[in-house]
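Here's the structure we're looking at; comments come further down.
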Amino acid sequence: MNDTIAAISTTLGVGAISIIRVSGKEAIKIVNKIFKGKDLTKVDSHTIHYGHIINKTEIIDEVLVSVMKSPKTFTTEDIVEINCHGGIATTNKVLELVIHHGARLAEAGEFTKRAFLNGRIDLIEAESVMNLISSKSESNRKVSIQGIRGYVSQIIKNLRQEVLELLATIEVNIDYPEYEDIEVMTNNKIKPKILKIKEKLKKIIQESEDGKILSNGIKTIIVGRPNVGKSSILNRLLEEERAIVTDIEGTTRDTVEGHITVYGVPLNIIDTAGIREAKDLVEKIGVEKSLSLIEEADLIILVLNNNEKLTIDDYKILEICKDKKTIVVINKSDLEEKIEIDKISYKNIIYTNTIDLDGMNQLKEKIIELFHLNQLEQKDYACLNNIRQISLAKIAYQILEEVEKAIQENIPIDMVEIDIRRAWETLGEIIGETYTEELIDQLFSQFCLGK
Ligand code: GDP
């Protein structure tokens, strides 16, 4: 981490301005070698300077250079940012010169990685930076900025503190049992404290699950046998929202995906209509891909034809989806009702027709109801914001459940203490108090270059 790194921090393409960011001990010295203007080694921190980037005698570009000195910078190291004219040729040339004069090309996410390793931000804050950059929705943006501002980390830190205090009192008991003035910690005394911590953690997990929907949207899949009207339903939903239909990369069949927003929450809808080419749909549904789509989905829109009796395929699909959050849509309500509705034991059933759009609003209302979207609006958006964080919180919760059980069974207190410590460590992993090198490398490599 002692070398100086550089990267283009803006999108590489045609634009008015590009920024090349340089961070490290030599940052100012390196840029100064190719800068014609003030002597950058003598300027104050957090100042911006007009001048030219030069290659020996040739002027490469007219630029503004910001100088930010350690430690009050994003990475805590010296940082220089060169604002040059946008466009591929100029930006690449400036970067090339910076590298030629001693900087190394930064890896993806390396600036943020340094910010983390130098203690400037914790892991939740770092991940929130990544989230913010890739935010496509207003709700995702809100969750990410709360993360960056440290609110979420604070919630975890407070909880850890409570666990730590409990650990400390237990340890005093174990280490100095002869002291008369210390409260004797018995399993009975620990129990209410554990329950309180557990309750708080449970609330965090629940709010974070809601928050996950806010940030990632609701993964929705439309299933049903051929010709029941799946594509028509997707198209109707999309038309209203003027959304874009795109092919999903990497799928062999032309599964179609669209995005709409319901109550500010993105709904990513996958239409499995592509599967209709197969002779036997259910056989196809049986293939891993369709099943895993159903498995991964937050919501299933299961479409049936009002104008036909239920078929074996319909029954099979109804069976496959029975444990998932599903809305059964009886489509073609404009045609005569032939479906045996009393044979469908699902709770959420609505009728639609895609010709005069009957039922489209009810479908959206149902989604709002199922995901409490109208209540999510009042959220403060301070929640764990990815699967890594949420699953660690769940592990910590499970450990506390074990602790509770151990207390009930009167397991000796020093044994219980080991588990409480484990819960404390797991909570620490969420904010990156403890981490492995592989995790950090893997995590930051998902960042974009220059961040
Ligand atoms: P998919 O194979 O399930 O995606 O079904 P499509 O959306 O391609 O629709 C199959 C056929 O049913 C098309 O001819 C549609 O025009 C027709 N269709 C779709 N929805 C309705 C509806 O609500 N009422 C009627 N009468 N026809 C519909």
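You can think of it this way: the chain between residue 442 and residue 174 has 92.5 nm of extra reach, that is 0.36 nm per residue less the Cα-Cα gap. Between residue 96 and residue 309, the simple spin-label model (points 7 angstrom out along Cα→Cβ) gives 7.5 nm. In order along region 326-337, phi translates into HN-Hα couplings of 10, 10, 8, 10, 8, 8, 6, 5, 6, 9, 4, 7 Hz, rounded to whole numbers, per the Karplus curve 6.51 cos²θ - 1.76 cosθ + 1.60 with θ = phi - 60° and x for Gly and Pro.
Amide H contacts of residue 223 (H built 1.01 Å from N, in plane; Pro and chain starts excluded): 301, 302, 303 sit under 5 Å, all sequence-distant by 5 or more or on other chains. Within region 5-122, all pairs of alpha-carbon atoms sorted by distance into 10 Å bins from zero give the percentages 15, 49, 31, 5, 0. Scalar couplings 3J(HN,Hα) for region 410-427, obtained by applying the Karplus form with A = 6.51, B = -1.76, C = 1.60 to θ = phi - 60°, are 6, 5, x, 4, 5, 6, 4, 4, 4, 5, 4, 4, 4, 4, 4, 5, 5, 4 Hz; x denotes Gly and Pro.
For the listed residue pairs 29/157; 33/451; 157/212; 203/316, the alpha carbons are over 31 angstrom apart in 29/157; 203/316. Between region 396-425 and region 99-140, the alpha-carbon centres lie 36 Å apart.
If a spin label sat at a point 7 angstrom from the Cα of residue 387 along the line to its beta carbon, the backbone N atoms of region 188-217 nearer than 17 Å would be those of 208-217. When the charge dipole of the chain is built from unit charges on Cβ atoms (+1 for Lys and Arg, -1 for Asp and Glu) and taken about the Cα centre, the candidate among 37, 80, 217 whose Cα reaches farthest toward its positive end is 37. May I ask you to derive the FRET efficiency for residue 355 and residue 209 from their Cβ-Cβ distance with R0 = 35 Å, giving the value to the nearest 0.05? Plugging the Cβ-Cβ distance into 1/(1 + (r/R0)^6) gives 0.40. On full extension, the segment bounded by residue 415 and residue 29 gains 133.3 nm, given 0.36 nm per residue less the C-alpha separation.
Full extension of the chain segment joining residue 261 with residue 365 gains 36.2 nm, where the gain is 0.36 nm per residue of separation less the Cα-Cα distance. Projecting label points 7 angstrom from Cα along Cα→Cβ for residue 227 and residue 341 puts them 2.4 nm apart. Here's how it looks for residue 60: its modeled amide H is under 5 Å from those of 53, 54, 55, which are all 5 or more places away or on a different chain. Think of the chain as having a plus end and a minus end, set by charges on the Cβ of Lys, Arg, Asp and Glu; of 263, 98, 71, 98 sits farthest toward the positive end of this dipole.
Shown here for region 312-372: GluC sites (Glu not before Pro) in loop regions (DSSP other than H, G, I, E, B) with at most 15 other Cβ atoms within 10 Å, namely 336, 337, 340.
Rounded, prolate or oblate: which one fits the chain, using the alpha carbon gyration tensor with axes a ≥ b ≥ c (rounded when a/c is under 1.5, else prolate when a/b beats b/c, else oblate)?
Oblate.
The DSSP beta bridges internal to the chain are antiparallel in roughly 65% of cases. I want to check the label-to-label distance for residue 372 and residue 133. Put each point 7 Å from Cα in the C-beta direction and report it in nm to one decimal. Those two pseudo-labels are separated by 3.3 nm.
Each value in this text was obtained by applying a stated rule to the coordinates, not by laboratory testing. Only a predicted model underlies this, so the values are computations on that prediction, with no experimental measurement involved. All Cβ positions, even for glycine, are placed from backbone atoms using ideal geometry, and neighbour counts span all protein chains on display.
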